[in-house]
1. For the stretch 134-147, give me each residue that is on the phi > 0 side of the Ramachandran plot and either surrounded by fewer than 19 Cβ atoms within 10 Å (Cβ to Cβ) or among the aromatic types (Phe, Trp, Tyr) (or both).
2. Kindly indicate the residue of the stretch 306-327 that is over 16 Å from the mean Cα position of the chain (by Cα) and farther than 17 Å from Thr282 by Cβ and also surrounded by the most Cβ atoms within 10 Å (Cβ to Cβ) among those meeting that condition.
3. Given the structure, is Asp200 out of contact with any Leu (no Cβ under 8 Å at 6 or more places or on another chain) and surrounded by fewer than 23 Cβ atoms within 10 Å (Cβ to Cβ)?
4. Return the pairs, sorted by first residue and then second, in which the second residue is in a strand (DSSP E or B) and acidic (Asp, Glu), the first residue lies in the stretch 319-345 and is free of Cβ contacts under 8 Å to residues at least 12 places away in the same chain and under 14 Å from Thr58 (Cα atoms), the beta carbons are less than 7 Å apart, and the residues are 6+ apart or on different chains.
5. Would you be able to say whether some residue in the stretch 113-120 is in contact (Cβ under 8 Å) with a residue 12 or more places away in the chain, outside any strand (DSSP E or B) and either surrounded by 22 or more Cβ atoms within 10 Å (Cβ to Cβ) or in contact with a Pro (Cβ under 7 Å, 6 or more places away or on another chain) (or both)?
6. For the stretch 298-320, name all the residues that are of a type in the set (D, E, K, R) and either in a strand (DSSP E or B) or in contact with a His (Cβ under 8 Å, 6 or more places away or on another chain) (or both).
7. Confirm whether Lys281 is under 25 Å from Val195 (Cβ atoms), free of Cβ contacts under 8 Å to residues at least 12 places away in the same chain and in the same structural domain as Gly60 (by TED's automatic domain parsing).
Amino acid sequence: MGLTSGDRRAGRTWPTLLGVVAAAAALATGRADAQPANAAPNPYRTVEGWAKMPEGRTWGATSAVDVARDGRSIWVAERCGANTCAGSTLPAVLLFDESGRLQKSFAAGVFVFPHGIHVDRGGNVWVTDARGRDGKGHQVFKFSADGKLLLTLGKAGVTGEGPDVFNQPSDVAVAANGDVFVADGHDENSNARIVKFTKDGRFIKTWGKRGTAAGEFDTPHALAFDSRGRLFVADRGNNRIQIFDQEGKFLEEWKQFSRPSGIYIDKHDVIYVADSESNRKTNPGGKRGIRVGSAKDGKVTAFIPDPEPDPEKVVTSGSEGVAADAQGNVYGAEVGPRALKRYVKK
């Protein structure tokens with residue numbers, strides 16, 4: 001098929017026309033080159049005070065929340081009533097049942113700054129420690145559901161770029177075959193890479209460096225796998241999600257989920273993404289809140305807006321970590337407000 005005379009007069013070519021069509025399709029579906037999706041409806045209501053701490057204990061900052069293997073109970077790693085566990089004897093890893101009652105807790109004196117959490121297919125609980133102090137930190141820990149320490153990655157209190165050390169690891173995720181992926185890096189003076197290990201902790205490979213190109217990162221803050229085994233990385237400082245295969249091959253980037261701090265993908269490929277930091281400087285046009293959509297096509301279908309009335313005045317607000325149980329209830333782990341919110345369908 002040739003160009004029409006109108007196409008020739010306008011200086012258009014088929015590649016140009018195809019690009020226009022592709023851009024329109026991307027905007028219609030909320031795909032990679034779209035702007036942050038802020039206008040989706042909010043079908044949720046907030047449940048305050050759902051998780052009940054023991055008497056005398058208050059919530060600290062938390063960015064770490066995941067769902068137990070029963071699909072109902074909720075694991076949280078909490079920063080010991082403050083924004084650090086340094087010097088604390090409180091257990092940092094907590095399990096709440098579906099009514100919000102505390103069922104168990106463990107890992108007292110283990111962490112400096114618990115940051116990311118992941119529950120694997122065996123029900124084991126993985127937690128990253130994203131700070132270092134007094135010979136602790138910069139490690140990834142694997143616990144049984146009863147709190148037994150099963151595996152440790154990294155060297156206590158030691159930072160670096162080698163295969164056996166981290167620098168502020170933000171999150172961890174375990175693939176279906178047991179391979180372990182660590183998002184290594186948080187602040188600007190830390191690493192900016194993904195590190196892959198075998199299930200027993202042997203180093204396999206690493207990829208990424210600080211930058212803005214595909215496969216580069218500025219704060220790889222959270223990880224999640226979809227049903228196809230693709231690895232989703234919350235590249236927060238670059239206001240995008242990057243998607244890779246498990247060998248580190250870049251597949252796609254999405255910007256419609258705004259400035260992602262947390263990612264959760266359920267077994268139906270519903271994706272939940274928490275934005276706790278957008279403002280006019282960090283992400284113009286992006287609004288803070290939790291976006292819900294499809295990990296298959298990237299379309300955003302729901303938006304839970306940030307409860308902070310003026311988020312421009314605070315560095316971080318609302319949910320930084322996010323998860324959803326088998327009934328579709330959403331859980332937001334909050335650093336600034338120091339809380340765990342529950343969102344249920346209206």
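The values are calculated or read from the model by the stated rules, or taken from the named source; none is laboratory data. What you see is a predicted model; the values in this text were computed from it and never measured. A quick note on method: Cβ atoms are made from the backbone with ideal geometry, for glycine too, and the neighbour counts reach across all protein chains shown.
1. First, the residues of the stretch 134-147 that are on the phi > 0 side of the Ramachandran plot: 134-135, 137-138, 147.
Asp134, Gly135, Gly147, listed by residue number.
2. Pro307
3. Details: out of contact with any Leu (no Cβ under 8 Å at 6 or more places or on another chain): no; surrounded by fewer than 23 Cβ atoms within 10 Å (Cβ to Cβ): yes.
No, not satisfied.
4. Qualifying pairs under 7 Å: none.
5. Of the stretch 113-120, the ones in contact (Cβ under 8 Å) with a residue 12 or more places away in the chain are 113-120.
With the extra rule that they be outside any strand (DSSP E or B), the set shrinks to 113, 120.
Filter once more, keeping what is either surrounded by 22 or more Cβ atoms within 10 Å (Cβ to Cβ) or in contact with a Pro (Cβ under 7 Å, 6 or more places away or on another chain) (or both): 113.
Looking through the stretch 113-120, at least one residue is in contact (Cβ under 8 Å) with a residue 12 or more places away in the chain, outside any strand (DSSP E or B) and either surrounded by 22 or more Cβ atoms within 10 Å (Cβ to Cβ) or in contact with a Pro (Cβ under 7 Å, 6 or more places away or on another chain) (or both).
6. Quick first cut of the stretch 298-320, residues of a type in the set (D, E, K, R) only: 299, 306, 308, 310, 312-313, 320.
Correct list: Glu320 only.
7. Values: under 25 Å from Val195 (Cβ atoms): no; free of Cβ contacts under 8 Å to residues at least 12 places away in the same chain: yes; in the same structural domain as Gly60 (by TED's automatic domain parsing): yes.
So Lys281 does not fit the description; no.
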